[in-house]
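Only one structure is covered here, and it is reproduced in the block below.
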Amino acid sequence: MPCRSLLRALLVVSLLLVAGLGPTAPAQAANSGFVSASGGQFVLNGQPFYFASSNAYYLVPAATWGETTFTDETMTMAHDLGFTVFRIWGFFDDPSQPTALQPAAGVYNEASFRAMDYVLYKADQAGVRLLISLVNYWPDFGGMPQYVRWCAPGSSTDAFYSNTNCKQLYKNYVSHLLNRVNTYNGRQYRNDPTVFAWELANEPRSGDHTGQLVRGWVAEMAAYIKSVDANHMVTTGEEGFDTTSAGYTTSAYNGQTWLFNGSEGVSFSLNTADPHIDFGQIHMYPSYWSFSTAAGSTWIADHIKLARVLGKPLVLGEFGYTTNQATVYDAWLRTVDTENGAGALVWELMCSSCYRMRGQFDVQYPPSSAVSDVLKQAAARAAAKSGPSTPPPPLSPSFTIGTVGVNPGTAGPGQSVAITVPVTSATAMSGILIDVEVYDTAGTKVGQKAFSGQTFSAGQTLTYSYTWPGSTSTGTFRAKVGVFTNDWTTAYLWNDGAATIAVSNGFTIGTVTVNPGTASPGQGVAISVPVTSTKTVPSFLTDVSVYDSAGTKIANGATGGLTISAGQTITYTWTWPGSSSLGTYTVKAAVLSDDSSTVYASNNAAGTITVASNNGSGGTGPFVVTSTSISPASVARGSTVKITTSVRSSQRTSAIVDIEIYDAAGTWVAQSWCTLSFKSGQTRACSWSYVVPSSLAPGVYTVKAGVFSKDWSVLYLWVNQAGTFIVQ
């Protein structure tokens with residue numbers, strides 16, 4: 001994860017390194033036997049296998065640049081510290097780099113693959129195994145964005161998972177890699193025990209909040225790899241985000257609900273359950289994800305338990321922190337140990353030569369340090385556990401609640417609703433109570449059923465059914481589910497939003513659209529409201545309102561006397577004249593009786609509209625550039641001008657704020673950017689102290705500012721004239 005911010009600069013290193021790889025006579029191999037997964041742990045030659053080590057993403061790219069020292073020193077570090085596994089990049093898909101493994105679609109650079117041969121050969125001689133990632137979600141070293149430029153130009157990164165050409169291009173690369181014969185030792189990669197496992201992708205994410213897009217791709221690609229290579233394990237490479245809070249200690253994560261609501265487009269639970277995925281993998285960066293280092297141990301323990309329910313080992317594939325690293329890392333690694341996690345890989349401990357490619361979390365070795373000492377101790381504990389086969393320690397009581405079903409999802413007034421709740425226990429348990437409750441929009445409990453005296457065997461799933469009588473009041477109701485001891489004194493699990501139920505007077509409001517979603521001051525916005533009815537209604541009223549960020553209604557459009565037939569959908573469109581005030585506005589929609597006395601259906605968050613100045617080109621998004629300051633307005637060559645662009649977001653998200661300088665002819669001069677994380681409604685600033693080169697011609701220079709997605713693939717907002725300054 002951290003390397004994303006480094007690699008534009010690091011690729012320049014390739015121009016400074018010297019070539020010099022070539023086959024040598026093969027030596028006696030050190031690695032024998034393939035690591036497999038069985039009974040929730042790794043097994044090597046009939047014995048448990050545990051590890052604690054580091055990422056070393058740079059080994060293959062550096063080797064393609066001719067730098068063999070990186071590999072040699074890293075293997076010496078492994079010997080010194082007892083490391084037995086490294087995680088590396090097995091991809092390099094970048095047309096701008098002459099040493100890329102895949103410089104063009106389906107074109108494979110033999111010289112660079114020989115460099116990868118060297119990395120595997122030296123790892124084998126050192127008794128080290130490699131967890132090899134096959135593609136990057138992020139654009140560094142090409143990644144999925146480059147694949148999409150090859151196979152589905154103009155599409156979003158999500159096309160990588162769904163486009164037939166993209167999937168075939170990935171399979172072709174995987175096939176080439178797995179079937180390759182190492183020029184140093186004559187082994188096919190798929191027959192080489194040096195490969196610990198294949199990782200489908202580094203940190204896959206998507207725009208599909210159900211997680212099904214990535215889930216389908218994982219299933220297809222994991223099965224494909226298994227069809228080519230029957231020897232090695234396969235893992236996903238994901239970070240541990242999910243589409244459900246079931247099984248997670250959500251109270252520990254500082255209110256970061258996005259971790260479990262599908263907003264990152266992946267589901268750890270669904271992906272890890274795939275039969276061709278051999279072990280779960282998570283990453284962890286609390287400083288990026290806004291929870292405490294103590295919650296980091298909870299993140300680790302939660303995922304180990306979820307993986308164990310699926311009968312699979314769990315690897316902490318990346319973790320990093322900048323403050324008090326040794327103490328923090330020691331606590332996390334001891335959690336991996338005590339919870340019987342299978343392995344952990346820090347981001348990252350680097351050899352002395354490799355340290356030129358360092359990033360935010362990296363630590364150099366040698367010399368020895370508190371961090372390297374902690375990692376050496378963790379590696380020793382892992383080695384001590386790798387011995388005669390012993391079963392994992394017994395689990396503490398652990399439950400998961402599956403997908404809660406409601407039928408119908410939209411009911412009429414007084415209509416009953418069937419609620420089904422699947423509950424799984426990781427251990428054999430008795431004296432358990434399952435509680436199902438229903439709450440109205442005011443948070444008042446309006447229904448409940450408890451199932452007491454329940455007994456589970458280990459891994460068993462039981463399904464509970466409760467028929468809620470329904471409500472005469474319309475609105476959205478929430479089903480909540482909990483698992484308790486029979487006397488209610490201990491709560492094992494509580495899902496506060498297990499499912500929603502809509503009660504409607506025959507009407508439902510579909511997805512409301514706003515066009516444009518980001519408008520200039522005073523620009524009109526068309527708001528379209530689709531309305532569906534289960535019965536014929538001779539006359540009703542549709543109402544649309546716009547509210548500012550303070551919650552004040554500033555505009556309203558309503559049309560009465562509308563008629564609808566049973567099963568019909570009609571769309572009511574109203575054009576809001578717009579506003580001269582910048583900010584984010586909320587759209588609310590409702591269906592009422594003609595005299596407004598009865599509300600049939602309503603949606604108080606039907607849509608949002610952003611009013612932004614100088615919107616220019618680009619997509620829509622939750623961002624507003626509130627200001628750009630430039631000081632001083634006139635600057636001498638060799639002096640510094642400070643440029644600060646402030647951006648407000650209407651939702652919790654992350655983005656790149658880009659600042660660029662152009663001369664009077666419109667020629668690009670310089671650029672800087674910041675990767676910022678936003679809370680809902682937060683304004684954050686990106687500042688750049690630009691030292692004016694002595695070679696820059698006097699004149700007027702224009703500052704432009706933009707807001708991009710974290711992978712640069714989406715332009716949310718572009719300000720073409722953010723400001724100017726004069727160079728004397």
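Take segment 410-425 and flag every residue that is small (G, A, S) and modelled with pLDDT of 80 or more.
So the first thing to find is which residues in segment 410-425 are small (G, A, S), and the list is 411-412, 414, 416, 418, 425.
Of everything in segment 410-425, those that are small (G, A, S) and modelled with pLDDT of 80 or more turn out to be S416, A418, S425.
Please work out which residue is surrounded by the fewest Cβ atoms within 10 Å (Cβ to Cβ), limiting yourself to segment 670-714 and to residues that are within 21 Å of S287 (Cα to Cα) and of a type in the set (S, T, Y). Quick ask: steps written out before the conclusion?
Keep residues of segment 670-714 that are within 21 Å of S287 (Cα to Cα), which gives 673-687, 709-711.
From the residues that got through so far, the ones that are of a type in the set (S, T, Y) too are 675, 677, 680, 683, 687, 709.
On the way: T675: 14, S677: 16, S680: 11, T683: 13, S687: 14, S709: 18.
Going through the qualifying residues, I end up with S680.
Can you tell me which of (1) in a loop (DSSP other than H, G, I, E, B); (2) closer than 15 Å to F623 by Cα; (3) modelled with pLDDT of 90 or more; (4) not hydroxyl-bearing (S, T, Y) is the one L676 doesn't meet?
Failing condition for L676: (1).
Here are the criteria: (1) over 26 Å from L562 (Cβ atoms); (2) modelled with pLDDT of 90 or more; (3) assigned by TED's automatic domain parsing to the domain that holds G557. Tell me which single one A479 does not satisfy.
(3)
For segment 339-373, enumerate the residues that are surrounded by fewer than 23 Cβ atoms within 10 Å (Cβ to Cβ) and β-branched (V, I, T).
V363, V371
Could you count how many residues in segment 572-608 are touching a residue at least 40 places away in the same chain (Cβ under 8 Å), surrounded by 14 or more Cβ atoms within 10 Å (Cβ to Cβ) and part of a strand (DSSP E or B)?
21
Of a type in the set (G, A, S), surrounded by 24 or more Cβ atoms within 10 Å (Cβ to Cβ) and over 29 Å from C166 (Cα atoms): is that true of A307 in this structure? Before you say what the answer is, go through the steps one by one.
Numbers: of a type in the set (G, A, S): yes; surrounded by 24 or more Cβ atoms within 10 Å (Cβ to Cβ): yes; over 29 Å from C166 (Cα atoms): yes.
When the stated conditions are applied, A307 passes them.
Can you find a residue in segment 82-89 that is part of a helix (DSSP H, G or I) and either among the charged types (D, E, K, R) or at pLDDT below 95 (or both)?
Taking segment 82-89 and keeping what is part of a helix (DSSP H, G or I), we get none.
The answer is no, given that none of the residues of segment 82-89 is part of a helix (DSSP H, G or I) and either among the charged types (D, E, K, R) or at pLDDT below 95 (or both).
Over 23 Å from V35 (Cα atoms), in a loop (DSSP other than H, G, I, E, B), in the same structural domain as L134 (by TED's automatic domain parsing) and of a type in the set (G, A, S) - does that describe any residue in segment 221-233? So that I can check it myself, show each step before the final result.
Quick first cut of segment 221-233, residues over 23 Å from V35 (Cα atoms) only: none.
Looking through segment 221-233, none of the residues is over 23 Å from V35 (Cα atoms), in a loop (DSSP other than H, G, I, E, B), in the same structural domain as L134 (by TED's automatic domain parsing) and of a type in the set (G, A, S).
Restricting to segment 274-329, name every residue that is part of a helix (DSSP H, G or I) and of a type in the set (S, T, N, Q). Give the steps one after another, and end with the answer.
Within segment 274-329, the first condition is being part of a helix (DSSP H, G or I), and the residues that meet it are 286-289, 293-309, 325-329.
S287, T293, S297, T298, Q325, T327, listed by residue number.
Answer yes if at least one residue in segment 471-478 is of a type outside the set (D, E) and out of contact with any Asp or Glu (no Cβ under 9 Å at 6 or more places or on another chain), and no otherwise.
Of all residues in segment 471-478, those of a type outside the set (D, E) come to 471-478.
Filter once more, so that each one left must be out of contact with any Asp or Glu (no Cβ under 9 Å at 6 or more places or on another chain): 472, 474.
Yes, the conditions are met somewhere in segment 471-478.
Scan segment 181-220 for residues that are under 22 Å from N136 (Cβ atoms) and part of a strand (DSSP E or B) and jot them down.
Passing the criteria: V195, F196, A197, W198, E199, N202.
The values are calculated or read from the model by the stated rules, or taken from the named source; none is laboratory data. Model, not experiment: these values are computed from the prediction. Ideal geometry is used to build each Cβ from the backbone, glycine not excepted, and the neighbour counts take in all protein chains shown.
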